[in-house]
1. So what's the stretch 2-86 giving for Cα Rg divided by 2.2 N^0.38 Å, two decimals?
2. Enumerate the amide H contacts of residue 141 below 5 Å, restricted to partners 5 or more residues apart or on another chain; note that Pro and chain-start residues carry no placed amide H.
3. FRET efficiency for residue 60 and residue 164, Cβ-Cβ distance as r, R0 = 56 Å, nearest 0.05?
4. With the dipole of the chain worked out from charges on the C-beta (+1 for Lys and Arg, -1 for Asp and Glu) around the Cα centre, which of 258, 217, 72 lies farthest toward the positive end?
5. If you add up the charges near residue 25, with Lys and Arg at +1 and Asp and Glu at -1, over every other residue whose beta carbon is less than 14 angstrom from its beta carbon, what do you get?
6. Please give, to one decimal in nm, the separation of the simple spin-label points placed at residue 44 and residue 119, each 7 Å out from Cα toward the Cβ.
7. Which distance in nm do the two modelled labels at residue 321 and residue 219 give, with both placed 7 Å along the Cα-to-Cβ direction?
8. Taking the structure as given and computing semi-axes √(5λ) of the Cα gyration tensor in Å, which label from (i) 49, 31, 17; (ii) 29, 27, 23; (iii) 53, 14, 14 fits?
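Only the coordinates and a few stated rules stand behind these numbers; no lab work does. Source: prediction; values computed, not measured. Don't worry about glycine lacking a Cβ; one is built from the backbone with ideal geometry, like all the others, and counts go over all protein chains shown.
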Amino acid sequence: MNIERKRIERLSTGNGVIGHITLSKLAIPETVTVTLLGEQLVPISFNSYGHPNFTEEQERLFTFKHEELIRQNGGQYIPLEAEIAYEESSFDIPRNVFDTVDGIKSSLKDISTLNEMLQNRRIFLKAHEDCKLNEFILFGNFLLDQFGQVWSIEKSAKGNLTFTSDVDDYKTFATNNTDGFKMTLGGEYAIPPEKAFCHCCGKVFTLDDVKNNSCVSIDGKYYHDSCWRNYRKLIEVDKFTRRMMDLLYKNTDYSFELLPNGYCHQDCCSHIPWFLFHTIHGDIIMGWRKRVISIEWQENYKPFDMNDLFATENVTKWEKAGKRGIHAWSEEKAYEYLQSVLHTVNPGYSRW
């Protein structure tokens, strides 16, 4: 019997927030008991390693008890851990099933068999901590690394790479791409689990979606790449129109055009638009620039004094060729800047 002391950690998944305990070894779920401050906690499920999962409420109660323990000790940090007792599980699936080119190819029947193969790679490493896996390129989209992780190859890098089949041994792949070989790995494009569905269109993912690299994982949820890009675009339209310009101008007093992203043209940002607003006072261009919103009043916008209006704002500001601009560190600040300028150039205007 193994006994460990561990914290209950908070995890975000496609089905919401859960609590989780990561154990050092594979566990037989039926033998797992979890005790916290003398009381037994009952897991709601177990992951593929046999490690226990808990409800969000159980995880929050753990946090509340820890905070109370710290208060009782005058603010001094006191660690709080649950005690987990369990019997270790064995792993006896042949390695060639998940760690050879032929074995991985045989798993490419559907999403279920593909995920089973990936799971076996991870479980093998948990059961054999001193071992490392062979590495493979899958569909030209993903690197299966020696630690059981799956890395996505950025779409912008794929056009310069050569792939011979659905599954390439990594060493062979590297040899075939020695001329200026460079692969950029990211974590956005993903292999969804069995029965996962797109949170925009509701369709269940298929193996073709994985092969076409059209699956995106964001905050534990999965989307088709095209669905996510359209959704993100509409989120930005909503932020800049309904939640900003609509609060300043009557609908009849402004219109807008979508512009290409004015800061980044790479695959990561090209779907997030910038905006050209045509208002009764002149034109304004806005869009995200890293963590700030760039606001630029164009040459035809009514005159106002940037230095006088924003003298106390310690942010990037500029005036060039009749254009005046400022960086806002939040949507609230962007609205505040727009409102200040509007009230300056037309003090009596109100959209209400």
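1. Expressed relative to 2.2 N^0.38 Å, the Cα Rg reads 1.10.
2. Under 5 Å from the amide H of residue 141: no residue qualifies.
3. With R0 = 56 Å, the Cβ-Cβ based efficiency is 0.65.
4. Highest projection toward the positive end goes to 258.
5. -2
6. Calculated label separation equals 1.9 nm.
7. Simple spin-label model gives 3.9 nm for this pair.
8. The value computed from this structure is option (i).
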